[in-house]
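Inspection log for the structure reproduced underneath, given as structure tokens.
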Amino acid sequence: MSKYRLDYLDELEAEAIYILREVAGQFEKPALLFSGGKDSITLVHLALKAFRPGKFPFPLVHIDTGHNFEETITYRDDMVARIGEKLIIGHVQDTIDEGKVIEQKGKNASRNPLQTVTLLDTIAKHKFDACIGGARRDEEKARAKERIFSVRDEFGQWDPKRQRPELWDIYNGRIHKGENVRVFPISNWTELDVWNYIRRENIPLPTIYFAHQRDCITRNGQLMAASPFLNMDADDVVEKKNVRFRTVGDMTCTAAVESYAFEIDDIINEIASSKISERGARMDDKVSEAAMEDRKKGGYF
Amino acid sequence: MDILKFITAGSVDDGKSTLIGRLLYDSEAILLDQLEALHASNRKNDDGSIDLAILTDGLKAEREQGITIDVAYKYFETDKRKFIIADAPGHIQYTRNMVTGASNAALAIILIDARKGVVEQTTRHSFLVSLLQIPQVVVAVNKMDMVDYSEDVFKQIIADFKKLAAKVNLDNVTYIPVSALKGDNIVYPSSKMSWYLGDSLLQHLENVELTIDDSSAHARLPVQWVVRPQTDALHDYRGYAGRVSSGSFKVNDKVTVLPSGFSSTISKIEVYDKQPEEALAGMSVTVHLKDNIDISRGDIIVNSAGQPQLSNVIEADLCWMDTRPLDTSLTYLVQHNTKTIRCKIQEIIYKVNINTLEKDFDEEFKLNDIGRIVIKTAEPLAFDPYQVNKANGGAIIIDSRTNVTVGALMLRQSVE
């Protein structure tokens with residue numbers, strides 16, 4: 001017996017690599033869902049550590065709402081070119097064109113809820129049996145109860161009452177045809193852990209994570225980036241602000257925070273002293289107390 | 001800084017959710033928007049103060065019923081340590097959830113209501129903590145405010161618990177008198193119990209010593225994946241990727257691959273772009289061997305000088321986790337490390353009434369039942385007794401019809 005223990009970042013990293021390798025070992029057609037956000041960027045970095053010098057045993061999959069921050073797409077394409085792995089893109093626009101979903105109307109219209117349908121279509125089209133995602137248990141109450149291997153039925157639905165017991169670090173990925181598993185290798189990481197890891201590993205990020213000047217409007221008490229995708233009316237006042245983003249999603253639902261954090265050290269200090277949770281800046285979570293649980297049951301990540 | 005994973009065993013009635021809420025609240029791990037939601041909620045304590053228990057209720061059904069159904073994980077940190085709380089329900093119908101939460105915990109907090117003392121569920125929780133071999137135990141005697149912060153009450157509960165601990169083989173027990181509702185001895189030392197000289201609960205969690213088994217005799221590396229780039233530049237590259245589950249490996253160690261029994265020597269250890277001399281328990285590594293032998297997922301690499309048992313008829317403790325009872329005529333699957341093979345439960349030796357610790361010879365093994373069985377596997381498993389080496393002694397049973405995890409196995413010994 002020894003008092004020596006792994007440093008927390010080493011322990012979290014080792015666990016995530018272990019989970020990624022379990023996916024590779026247990027599934028025939030896995031995929032890594034890549035949003036361009038820091039959590040999925042971290043996943044890609046962990047996959048490099050899990051499988052290099054070999055290739056990834058899965059493609060990256062991006063569900064593209066078409067309402068992206070330009071910086072995210074630039075980052076995505078540069079990264080894919082750098083690591084030389086396969087990227088599959090599922091377009092929400094295609095789902096709209098096929099008439100499977102109808103674009104929301106009104107001031108708070110967002111394509112965010114539509115992407116679940118595109119995700120499920122993409123999974124079905126490519127017959128993915130496991131999808132790796134960057135969700136973390138510290139983000140939200142419903143996520144705090146989700147397994148690391150989370151089985152979804154044919155409709156992508158999560159049934160919180162029928163979750164499999166998950167013991168030790170033995171992950172049961174056996175499924176029936178048509179079902180798939182969502183896998184969350186960084187379940188046990190907190191927002192701050194991700195940032196500290198990004199700093200330690202020198203992982204490049206899209207520029208919108210750092211403070212910059214941007215035209216913003218204030219909606220429901222939150223700062224939103226002014227963009228052609230946001231339905232604006234005469235009441236909306238556009239102001240230049242110094243902002244950054246804590247999460248990267250669709251432009252219509254991701255709020256900015258005012259910030260002068262230009263470097264990663266500034267960001268870590270800012271988060272460490274922040275009193276608002278990361279998902280507090282997501283309008284999609286504000287709808288009701290059970291918003292996330294309901295969306296997960298519907299197939300959302 | 002390291003991470004401590006702990007589980008809280010108790011029920012809503014013991015103030016378990018309030019205790020966790022208090023721990024999070026007083027250590028300032030609750031963010032403003034979550035606090036707003038807390039204050040906005042309609043649920044309040046009788047005296048109108050906010051109900052901290054809400055912080056741990058995740059699912060709609062749980063909020064409606066006011067109880068914890070599933071294991072919820074909560075995260076917080078102090079300057080000294082990072083903590084992961086597995087918040088598991090305490091009622092007997094959720095025994096499987098507690099077993100699940102306990103499987104990964106390095107410490108267990110057993111909650112006792114000071115007014116009630118050691119009761120039936122205390123026996124049950126202590127038995128499970130012992131069965132799952134959680135190395136550190138804290139007995140938190142809660143609701144001390146309801147017994148006038150009486151030292152005598154506390155001492156009597158310690159005396160009673162010690163008898164129980166001896167019965168279920170629990171050691172490393174620390175006793176702390178607390179009031180989660182009022183905040184006594186949770187984060188801050190209590191001013192109401194000057195007779196108590198020990199640490200507050202949080203101080204104890206911060207300072208308790210955690211160890212890993214780094215002996216080479218217990219070196220185990222279940223192979224998850226074989227890295228074979230098969231490019232021109234790396235034509236002969238063949239790395240065995242996995243996470244060291246216990247013990248430690250060094251370059252030049254003589255190792256044996258099980259179940260095949262072939263031996264070789266470690267030529268290189270890799271962690272991405274680094275080549276450490278040693279791979280310790282918990283590390284995810286890629287190992288290279290001097291000899292080219294056939295190794296695939298499901299095999300386990302061990303130190304040749306300290307080999308596990310290799311057997312296909314094994315006595316084990318079993319916790320049944322499915323609503324359909326165990327069927328001894330049915331073929332199930334067993335997943336041990338990275339290996340999944342067919343098995344049968346050949347014999348039920350006995351069950352344990354976990355409220356009274358009495359043996360029960362009832363034939364049917366139902367949801368939440370725990371007992372001793374003999375399992376027969378299609379191929380030999382390379383295992384260590386769970387009591388000696390948890391990491392290589394736990395396994396799960398899967399129902400191949402539903403693919404659901406239906407049992408937790410703590411392997412004990414070969415019976416051949």
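Only the coordinates and a few stated rules stand behind these numbers; no lab work does. All figures in this text were calculated on a predicted structure; none of them were measured in a lab. Because the Cβ atoms are built from the backbone with ideal geometry, glycine has one as well, and the counts that use them run over all protein chains shown.
Tabulated data
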quantity: Among B:Thr328, B:Thr405, B:Thr231, residue whose mean-square fluctuation peaks in a GNM of chain B (springs only between Cα atoms under 10 Å); calculated: B:Thr231
quantity: Number of partner chain Cβ atoms within 10 Å, mean per residue of A:138-147; calculated: 6
quantity: 10 Å Cβ neighbours from other chains, averaged over peptide A:156-167; calculated: 6
quantity: Most mobile listed residue (B:Met144, B:Met193, B:Met321) in chain B, GNM with C-alpha springs under 10 Å; calculated: B:Met193
quantity: Cα-based convex hull, the range B:309-414, per residue volume (Å³, whole number); calculated: 91
quantity: Spatially proximal lysines relative to A:Lys141 (Cα-Cα < 22 Å; intrachain offsets below 8 disregarded); calculated: A:Lys38, A:Lys161, A:Lys275, A:Lys286, A:Lys296, A:Lys297, B:Lys5, B:Lys16, B:Lys44, B:Lys60, B:Lys74, B:Lys82
quantity: Under 11 Å, Cβ to Cβ, from A:Lys100 - net charge with Lys/Arg +1 and Asp/Glu -1; calculated: -4
quantity: Computed FRET value (nearest 0.05) for A:Ala81 with A:Asn220, which takes r as the C-beta separation and R₀ as 35 Å; calculated: 0.35
quantity: Antiparallel DSSP beta bridges within chain B, percent to nearest 5; calculated: 75
quantity: Equivalent ellipsoid semi-axes, chain A, via Cα gyration tensor eigenvalues times 5, rooted, Å; calculated: 30, 24, 19
quantity: Of all DSSP beta bridges in the range A:77-224, antiparallel share, percent nearest 5; calculated: 70
quantity: Relative contact order, percent, the range A:203-283 [alpha-carbon distance under 8 Å, six or more residues apart]; calculated: 32
quantity: Exposure proxy ranking, count of Cβ atoms within 10 Å, fewest first, for A:Thr116, B:Thr402; calculated: B:Thr402, A:Thr116
quantity: Protection proxy ranking of B:381-387, A:236-242 - average other beta-carbon atoms within 10 Å, highest first; calculated: B:381-387, A:236-242
quantity: Global size of the protein assembly as shown as Cα Rg and Dmax, reported in angstrom; calculated: 25.9, 83
quantity: A:Ser273 paired with A:His126, simple spin-label distance in nm, labels 7 Å along Cα-to-beta-carbon; calculated: 4.2
quantity: Equivalent ellipsoid semi-axes, the range B:216-303, via Cα gyration tensor eigenvalues times 5, rooted, Å; calculated: 19, 15, 12
quantity: Taking chain A and dividing mean pair separation by its residue count, relative contact order in percent (alpha carbons under 8 Å, at least six apart); calculated: 20
quantity: Among beta bridges that DSSP assigns inside the protein assembly as shown, antiparallel share in %, nearest 5; calculated: 70
quantity: Residue among A:Trp189, A:Trp168, A:Trp158 with the largest mean-square fluctuation in a Gaussian network model of chain A, springs linking Cα atoms under 10 Å; calculated: A:Trp168
quantity: Percentage relative contact order, chain B, counting C-alpha pairs under 8 Å, at least six apart; calculated: 12
quantity: Listed residue (A:Val44, A:Gln213, A:Asn242) projecting farthest to the positive dipole end of the protein assembly as shown, Cβ model; calculated: A:Val44
quantity: Footprinting exposure proxy for B:Lys5, A:Lys177, B:Lys250 (fewest neighbouring C-beta atoms within 10 Å first); calculated: A:Lys177, B:Lys250, B:Lys5
quantity: Peptide B:309-320, shielding by other chains (average Cβ, 10 Å cutoff); calculated: 0
quantity: Distance between modelled label sites at A:Glu239 and A:Glu258, nm, 7 Å Cα→Cβ extension; calculated: 0.6
quantity: Scaled radius of gyration (Cα, divided by 2.2 N^0.38 Å) that the range B:86-200 gives; calculated: 1.03
